[in-house]
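The structure appears right after this line, and notes come after that.
We did not get these values from a lab; they are worked out from the coordinates using the rules stated. Here the structure is a predicted model, which means the values were calculated and not measured. Cβ coordinates were reconstructed from backbone atoms using ideal geometry, including for glycine residues, and neighbour counts include every protein chain displayed.
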Protein chains: 2
Amino acid sequence: MTTGPPASDDAPRTPTAPPRRRPTMKDIAARAGVSPSAVSFALNDRDGVSPGTRARIREVAEELGWQPNSAARALSGERSDCVGLVLARPARTLGVESFFLQLVSGIQEALAARRVALLFQVVEDLDAECATYRRWWAERRVDGVLVVDPRTEDPRPALLASLALPTVVIGDTQLGPGTVAAPGAGATPGTTPPQQPTPTLSPAPLSTIWADDAAAMRSIIDHLHALGHRRIVHIAGLPGLAHTERRVAALRAEAARLGLDARDVRSVCTDYSDEQGAEATRRLLATPHPPTAIVYDNDVMAVAGAAVAAGRGVPVPGALSIVAWDDSPLCRVTHPRLTSLVRDTAGFGRLAAQELLSLLDGAPTRRLQAELPHLEHRESTTRAP
Amino acid sequence: MTTGPPASDDAPRTPTAPPRRRPTMKDIAARAGVSPSAVSFALNDRDGVSPGTRARIREVAEELGWQPNSAARALSGERSDCVGLVLARPARTLGVESFFLQLVSGIQEALAARRVALLFQVVEDLDAECATYRRWWAERRVDGVLVVDPRTEDPRPALLASLALPTVVIGDTQLGPGTVAAPGAGATPGTTPPQQPTPTLSPAPLSTIWADDAAAMRSIIDHLHALGHRRIVHIAGLPGLAHTERRVAALRAEAARLGLDARDVRSVCTDYSDEQGAEATRRLLATPHPPTAIVYDNDVMAVAGAAVAAGRGVPVPGALSIVAWDDSPLCRVTHPRLTSLVRDTAGFGRLAAQELLSLLDGAPTRRLQAELPHLEHRESTTRAP
DNA sequence: CCGTTCACCTAATGCGGTTTAGCAACCAAG
DNA sequence: CTTGGTTGCTAAACCGCATTAGGTGAACGG
């Protein structure tokens, strides 16, 4: 025995209790009368074991309730069966959005099926997020990571590539409509143009799950335009985020297409907090020609905005139509209930996690498009006054 | 073989890039001209190394950017530097409450300081939660766990005790005021042999962080009572949860103390969802003698209830006062803003995580009381009509 | 002056798996 | 009856770290 002190931390100390030592493959081997290697082969579906022996080993393993020691696996197998997710949001905006827990819930569904665990970390900012990746990499904690809130100038893909951590970006770092075939993903080596020195030569696979924000924005604007709205403001989220920029660009493009004035149809950026959503709404309603419709980039700001309107005596939807990007129970508890863009967030997470598992299996990188969201018409939108 | 191609997953494939193999202690040893054991001693602050050598080794480790391989540590050191948190909530009620992300955020603060990671899992129900603990135990994934949403009849403490997993229960399984010293910690009902020599010999340490729900409920009821309210309904959460039962009991006791009729002051259980919160409110307002004040067990139901009142033309707080248990931005975006019970949820999580770390260090189990919450008076409560 | 202690370091072992090399038995072919 | 190739298994090395048992030289005490 290597443990000098008689009782190590979680060894069974009570002699009365049944020995609760976790069974190892050696135990199985002894019980089945074979060598540990045979057990390893049998349980990992590798050949070199006869069907009969395999069955017997499986039986004993079952009987003993054996489960692989993840640390030992990680040490020799070079994989930890663990993926990471870092959420970098200032504490202030934490915990109000329904988005993340839904996303995580979907992610887990996909991971659980493969016995892969999720390492989760909440940090304050992007620097801390990068530090977390470095630490996870150095400690071999994770096999890959899921990246959320991609930005227009995002250091993370390059960092993760240099760390050789398989990655799935949830959302898209690209501004364009996303029809380009896997530009940053390092699709096939050899054809890399020399202009981009390192990023194309990515040592780590990186896939992207993208949502067609432009199409979604079009559907919202078309809906409002059809209702006669001509002054529409988009209260956006954090300006650095790629999807914010995409939505802003999409709004501008759509306004141009419809021949609407850029002063009447525009975006205002916020930090996603209820305070800034309310403040922006207050400012807009105080202008001489207030918008007749406001599109909010999340549910919390939409609810906050609706409250501001109510507080100022601006009837919704009579004088102001409201659309929330992202549905949640919040949008249904207000009065009137908010028209909102419904996305299958859990499904989004599931898709991302499945893609990461594929990458870990060696599948080629991809750009996957998430299901198109749809606009759920409720009472907060109506004809322009 | 897990990977078809000969190159292993994270071996440096690009000759141009610097060899990105993670440095090991052996590398440090070679570079510092000592044996690997000396490196281990030096980096773990064990004696047996001279100050000079120790400094040199530290320097080299720093220079190489060495970080311990968590798998190897876990394998030999018997600790994974990882703790687990399982959230068992039906998907429907997920992601609306602000509570969990705040809690997790606080937990991480405490864990990050000690380089302990958090394994996070969202599951559907209690059975799945228990299965997760078993799996984590079998796979040696975690050194300990944080348990949330304790119930009155809770199988988890016994399970975790039998698995010898150090545990901190966030909230309290007890119904009473909580002065009893950790009674349910080591009791394993089924396996207790008749001799039973030492009941204090608990197989796994279990600490509890408890919040004084009774005092909190008293402060709310006293506030409402002082405002003249005599018909007060408490729209509670899930009936199985210990804190729900505590609040219900506290309400009953307080009503008795104030000499209020149990038909006028009572609790109604829900599942925390906005739907049930709204439905309960609707039913209450339709009775011949509707309550003049409602206390909601979470923010989402409170907002939903306020919306129902608004929809039915019941002025808040004119005809109905509303109190939300747990503050969040939600309570500030409604109109009027909701009076709510403010707790330091992140602090709660921090405390729990610190306690778990203490347990892992071998500290004795404790019952810690969380900071008392306070009632934030806003516009949703006023004198009874 | 020699045995003992002590400080400092090295060698070796084990954690629980995976993986490669090797070995015995069996079968078909020569 | 030997040869060569499978088949089915075992032995052994290894992953990166912690730990324990040795082993060396210097200081020390008698």
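So the values come out like this:
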{"item": "Degrees between helix A:126-138 axis and first principal axis of chain A (Cα, 0 to 90, nearest 10)", "result": "10 degrees"}
{"item": "log₁₀ of I(q)/I(0) at q = 0.17, 0.26 Å⁻¹ - the stretch B:42-126, Debye sum with one point per alpha carbon", "result": "-0.87, -1.24"}
{"item": "Contact order normalised by residue count of chain B, Cα under 8 Å, 6+ apart, percent", "result": "16 percent"}
{"item": "Shape of the stretch A:213-342, Cα gyration tensor, a/c cut at 1.5", "result": "rounded"}
{"item": "Size of charge dipole - the protein assembly as shown - debye, nearest 20, with Cβ of Lys, Arg +1 and Asp, Glu -1, no other charges", "result": "400 debye"}
{"item": "Magnitude of the charge dipole, the stretch B:25-67, Cβ model with Lys/Arg +1 and Asp/Glu -1, debye to 20", "result": "100 debye"}
{"item": "Cα-based helix-to-principal-axis angle, A:242-258 vs chain A, degrees rounded to 10", "result": "30 degrees"}
{"item": "Packing-based exposure ordering (other Cβ within 10 Å, fewest first) of A:E139, B:E62, A:E275", "result": "B:E62, A:E275, A:E139"}
{"item": "Cα gyration tensor shape of the stretch B:212-284, rounded if a/c is under 1.5, else prolate or oblate by comparing a/b with b/c", "result": "oblate"}
{"item": "Computed [θ] at 222 nm, deg cm²/dmol, chain B (DSSP H ≥ 4; -39,500 (n - 2.57); rounded to nearest 500)", "result": "-12000 deg cm²/dmol"}
{"item": "Neighbouring partner chain Cβ atoms per residue of B:73-83, average, 10 Å criterion", "result": "4"}
{"item": "Residue order, fewest to most beta carbons within 10 Å, for A:T53, A:T270", "result": "A:T53, A:T270"}
{"item": "In nm, spacing of pseudo-spin labels at A:S37 and A:S76 (7 Å Cα→C-beta vector)", "result": "1.1 nm"}
{"item": "Residue (of A:S340, A:T292, A:A304) at the positive-pole extreme of the stretch A:213-342, dipole from beta-carbon charges", "result": "A:T292"}
{"item": "FRET efficiency, 1/(1 + (r/R0)^6) with R0 45 Å, evaluated for B:E62 and B:A286 via beta carbons", "result": "0.05"}
{"item": "Length-normalised contact order of the stretch A:213-342 in % [C-alpha pairs under 8 Å, at least 6 apart]", "result": "22 percent"}
{"item": "Label-point separation, A:D271 to A:Q369 (7 Å along Cα→Cβ), nm", "result": "3.6 nm"}
{"item": "Considering only chain A, percent of DSSP beta bridges that pair antiparallel, nearest 5", "result": "10 percent"}
{"item": "Rounded to 5, the percent of DSSP beta bridges in the protein assembly as shown classed as antiparallel", "result": "15 percent"}
{"item": "Using θ = phi - 60° and Karplus 6.51 cos²θ - 1.76 cosθ + 1.60, couplings along the stretch B:221-237 (whole Hz; Gly, Pro as x)", "result": "5, 4, 4, 5, 5, 5, 7, x, 6, 10, 10, 10, 10, 9, 8, 8, x"}
{"item": "nm² value of the averaged projected area, convex hull over the Cα atoms of chain A", "result": "26.1 nm²"}
{"item": "Label-point gap, in nm, between B:L258 and B:D125 - each point 7 angstrom along Cα→Cβ", "result": "3.8 nm"}
{"item": "Residue among B:W325, B:L360, B:P315 farthest towards the positive dipole end of the stretch B:287-385, charges placed on Cβ", "result": "B:P315"}
{"item": "Gyration tensor verdict on the protein assembly as shown (Cα atoms; rounded if a/c is under 1.5, prolate if a/b is larger than b/c, oblate otherwise)", "result": "oblate"}
{"item": "Distance between the stretch A:288-311 and the stretch A:125-178 - C-alpha centres, whole angstrom", "result": "33 Å"}
{"item": "Exposure proxy order (Cβ contacts within 10 Å, fewest to most) of B:S162, A:S35", "result": "A:S35, B:S162"}
{"item": "Within 10 Å of each Cβ in A:98-109, the average number of Cβ atoms from other chains", "result": "5"}
{"item": "Ranked by how many other beta carbons lie within 10 Å on average, peptides A:279-285, A:327-333 from highest", "result": "A:327-333, A:279-285"}
{"item": "Share of alpha-carbon pairs per 10 Å distance bin for the stretch A:25-67, given as whole %", "result": "36, 61, 3"}
{"item": "Shortest-first distances to equivalent copies, position A:R383, nm, label 7 Å out along Cβ", "result": "4.6"}
{"item": "Other protein chain Cβ atoms within 10 Å, averaged over every residue that makes up B:336-342", "result": "1"}
{"item": "The stretch A:308-368, relative contact order [Cα under 8 Å, separation at least 6], %", "result": "21 percent"}
{"item": "Theoretical FRET efficiency, 1/(1+(r/R0)^6), r = Cβ-Cβ of B:R22 and B:E379, R0 45 Å, to 0.05", "result": "0.20"}
{"item": "Table column - 3J(HN,Hα) (Hz), the stretch A:164-172, Karplus curve with 6.51, -1.76, 1.60, x for Gly and Pro", "result": "6, 9, x, 9, 10, 8, 8, x, 9"}
